[in-house]
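J.: Have a look at this one.
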Amino acid sequence: MSLRSLPSCRRAAARAVSASRPAPSSPAFACSRFARCYATPVCVNGFTQLKPTRYGQPLPPSHPHLVKPDETTPGIPQEEYDRRRRELLERLPDGSIVVCVAGQVKYMSGQIFYKFRQSSDFWYLTGFDEPDAAVILEKQPSCARGYRMTLFSAGTDSAKEKWDGARTSPEDATRYFGADEAEPISAFPSVLKSLAASASYVYLDIPTYSKRARASSPRSLLKYLSPSGGLSRGEYDSLVDSLSSSKRKPLSPEVGRLRAVKSKVEQRVMRQAADISARAHNKTMRFTDPGVSEHTVAAHFEYLCAREGSQRPAYVPVVASGPNALIIHYTSNNQLIADGEMVLIDAGCEYNGYASDITRTFPANGSFSPEQATLYNALLTVQKHLITLCTEASGMSILQIHRESCTMLRKELERIGFNFPLGAGTLDALYPHLVGHPVGIGKTRSSVSSFADVLTTTCYVLDLHESNQTERDAPLKAGMVITVEPGVYVPPFPEFPKAFHNIGIRIEDEVLVGKDLPEVLSVNAPKEIADIEGSCKGLLGLTPF
């Protein structure tokens, strides 16, 4: 069919297809023509899409409703990815190369796979959202942008695409992802060997599958990166030896320093992620009733987020009713909610690569009891004060804010009838976790075992949703995004007032650190008692859906 006979929206799509299709004589065309020629332009709500897509992820020609023409991923322009790579290389010595690999598909059982999620550092540097990929960045001050980028990927395969969908071609990898050169992943070992031989330093990370696992060796790295064994044994051993030398440096600390401070475009995406999760919290309060199962509430929250464009939950949600809220990471979510209980929901979505993280605690029947309100207001007073400290001007670190949270929470609890004859150890039983953590791309989960650990340790990670290279004792900087989430969890011990037994409350907001003033990104999730009760009872005009 000629372009002239197509409707206007379909002509535009056909031009996009024609512009990016390689010439019939090119080598790439021979292996990709069957997979690339049957995309059909479809016009919906004024947007022209290509169905099925010719790319391995949403890009402007196939998903114009998600990705703008100047963007590489939704909300993030190509120039932002270029800035990240340029700033990373500027921090490294001359002659350095950076090696970063994509995530791999994880399998639940046999051939039943989980939904793919890209490795956070690889996504941060490239925006490329496919497995079986790698990138090498060479520091070259003589180049216009100061570096050279080679992107390795699986490329197109018509047989596999019939089952799994399209992969991005080498031509489109250079067009949309800013690579100077695109190569098949099978070429990665030989290219790395050649570049590593002359590099002054090689920055890379050894893949690990568990934080408790023993550190992997460079040999296992090469096996991970080159399962096809593209090198001879002698070449393979030579490459392993070159990576084992003193020139090998860890990459994640360098990327982590960049990821810690969010750019304006990142802040905008994180506001969107927080808004989606905050609205879901609001509507889930209205949805929840005594007699409903915790898993039903969790499913409702996830549905609300997905409906607004979230790609996945940022973490396994906590929906803890009554005494279940005393378990910090309660994720079983399989009991019925009783009348008179409080419900603690710690849940957030991931939106366009960025996590949100919000916790709210509310009465299942819509009304706080006097005891619940007293304990809740004590914690809320502490949380609101801590948020005011989240500025660069304060000079405070997360660890210092945590110490302040302990001091202030102790005073508030004493005011409502708690006694602490044993000192800090008793407060540890009520408040066993750190006050907050950075939020951004990715997530790891860990914990500390005692209050003393919180006060003396600077290298632990608690509920971290961002690079684990952020130092807890470093002063906050404008542009960082952290959570502020004090909690109080009262076990049925005789040393604590009986009226508060089996009540667990956590109030968590996402806060964008400013020079002089903080910005609460999760502001649309109600936390004042009057607002919470209004949301639960439908007095604010909210519906459950």
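J.: Would you mind checking K68/K262; K193/K247; K68/K106 for any pair whose Cα atoms are more than 19 angstrom apart? Numbers along the way, then the final one.
T.: On the way: K68/K262 21 Å; K193/K247 13 Å; K68/K106 30 Å.
Over 19 Å apart, Cα to Cα: K68/K262; K68/K106.
J.: Can you tally the net charge around L258? Count Lys and Arg as +1, Asp and Glu as -1, for every other residue whose Cβ sits under 9 Å from the Cβ of L258. Working shown, then result.
T.: Values: positive: R84, R91, R257, R259; negative: E87, E254.
Once all neighbours under 9 Å are counted, the net charge is +2.
J.: Given R₀ = 60 Å, what would the calculated FRET efficiency be for T374 paired with E90, taking r from the Cβ atoms and rounding to 0.05?
T.: Values: r = 54 Å, r/R0 = 0.90.
Working from the Cβ atoms, E equals 0.65.
J.: Work out, step by step, the length gained on full extension between D180 and R145: first 0.36 nm times the residue separation, then minus their alpha carbon distance; give nm to one decimal. Each step should come with its number before you reach the end.
T.: Working: separation 35, 0.36 × 35 = 12.60 nm, distance 1.10 nm.
That pair, D180 and R145, stretches by 11.5 nm at full extension.
J.: Using 7 Å Cα-to-Cβ label points, what is the D70/H501 separation (nm, one decimal)?
T.: 6.3 nm
J.: While we're on this one: Ordering D339, D346 by accessible area with a probe of 1.4 Å, largest first, what comes out?
T.: On the way: D339 110, D346 10 Å².
I get D339, D346, largest accessible area first.
J.: Determine the gain in length on full extension of the stretch F493-A159; use 0.36 nm per residue of separation and subtract their C-alpha separation, reporting nm with one decimal. Please list the in-between numbers first.
T.: Values: separation 334, 0.36 × 334 = 120.24 nm, distance 6.37 nm.
The span from F493 to A159 would gain 113.9 nm if fully extended.
J.: Something else now. Rounded to the nearest 0.05, what FRET efficiency do R415 and E79 have when you use their Cβ-Cβ distance and R0 = 45 Å? Could you put the intermediate results ahead of the total?
T.: Values: r = 53 Å, r/R0 = 1.17.
The pair R415/E79 has a calculated efficiency of 0.30.
J.: Here's another thing I want to ask about it. Heavy-atom accessible area of Y303 with all protein chains present, probe 1.4 Å, nearest 10 Å²?
T.: Accessible surface of Y303 is approximately 100 Å².
J.: A follow-up question, please. Pop out the ³J(HN,Hα) list for segment 277-287 in order, Karplus 6.51 cos²θ - 1.76 cosθ + 1.60 with θ = phi - 60°, rounded to Hz; leave Gly and Pro as x.
T.: 5, 5, 5, 5, 4, 4, 6, 5, 4, 5, 6
J.: Would you work out which of Q272, I328, A298 lies farthest towards the positive end of the dipole of segment 256-372? Charges go on Cβ: Lys and Arg +1, Asp and Glu -1.
T.: Of Q272, I328, A298, it is Q272.
J.: Moving on. Just how large is the dipole of segment 295-438 about the Cα centre, in debye to the nearest 20, putting +1 at every Lys and Arg Cβ and -1 at every Asp and Glu Cβ?
T.: My answer is approximately 180 debye.
J.: Follow-up question, since we're still on this one. If I stretch the segment between V44 and S109 completely, what's the gain in nm (0.36 nm per residue apart, minus their alpha carbon distance), one decimal?
T.: Working: separation 65, 0.36 × 65 = 23.40 nm, distance 3.75 nm.
Full extension of this stretch gives 19.6 nm more.
J.: Assigning unit charges at the beta carbon (Lys, Arg +1; Asp, Glu -1) and nothing else, what dipole magnitude in debye, to the nearest 20, does segment 39-148 show about its Cα centre? Mind dumping the intermediate values first?
T.: Numbers: 14 positive and 13 negative charges, 42 e Å.
That gives segment 39-148 a dipole magnitude of about 200 debye.
J.: Moving on. Go through W163, W123 and list them by solvent-accessible area, largest first, probe radius 1.4 Å. Spell out each step's value before the answer.
T.: Working: W163 210, W123 25 Å².
Per-residue accessible area, sorted high to low, gives W163, W123.
J.: Let me ask something else about it. Taking a probe of 1.4 angstrom, what is the accessible area of L517 in Å², to the nearest 10?
T.: Approximately 140 Å² of L517 is accessible to the 1.4 Å probe.
J.: Where the centre of each part is set by its Cα atoms, how far does segment 65-136 sit from segment 145-179, in angstrom?
T.: For segment 65-136 versus segment 145-179, the Cα centre distance is 12 Å.
J.: At a probe size of 1.4 Å, how large is the accessible area of R279, to the nearest 10 Å²?
T.: Only protein atoms counted, so the area is about 90 Å².
J.: Quick one: if the Förster radius is 41 Å, what FRET efficiency do V191 and T388 give, using the C-beta to C-beta distance and rounding to 0.05?
T.: On the way: r = 52 Å, r/R0 = 1.26.
Calculated transfer efficiency: 0.20.
J.: Between F545 and H63, how many nm apart are label points set 7 Å from Cα along the C-beta direction?
T.: So the two model labels end up 2.6 nm from each other.
J.: 5 Å is the cut-off here: which amide hydrogens, built 1.01 Å from N in the peptide plane, fall below it relative to T72, excluding neighbours closer than 5 in sequence?
T.: Under 5 Å from the amide H of T72: Q78.
J.: Show me the ranking of peptides 316-327, 397-408 by mean Cβ neighbours inside 10 Å, starting with the highest. Numbers along the way, then the final one.
T.: Details: 316-327: 21.5, 397-408: 18.8.
Descending mean neighbour count gives 316-327, 397-408.
The values are calculated or read from the model by the stated rules, or taken from the named source; none is laboratory data. Only a predicted model underlies this, so the values are computations on that prediction, with no experimental measurement involved. Quick reminder, even Gly has a Cβ in these numbers, built from the backbone with ideal geometry, and neighbours come from all protein chains shown. Surface accessibility is based on the protein's heavy atoms, side chains included, excluding ligands, DNA and RNA. Shrake-Rupley method; radii C 1.70, N 1.55, O 1.52, S 1.80 Å.
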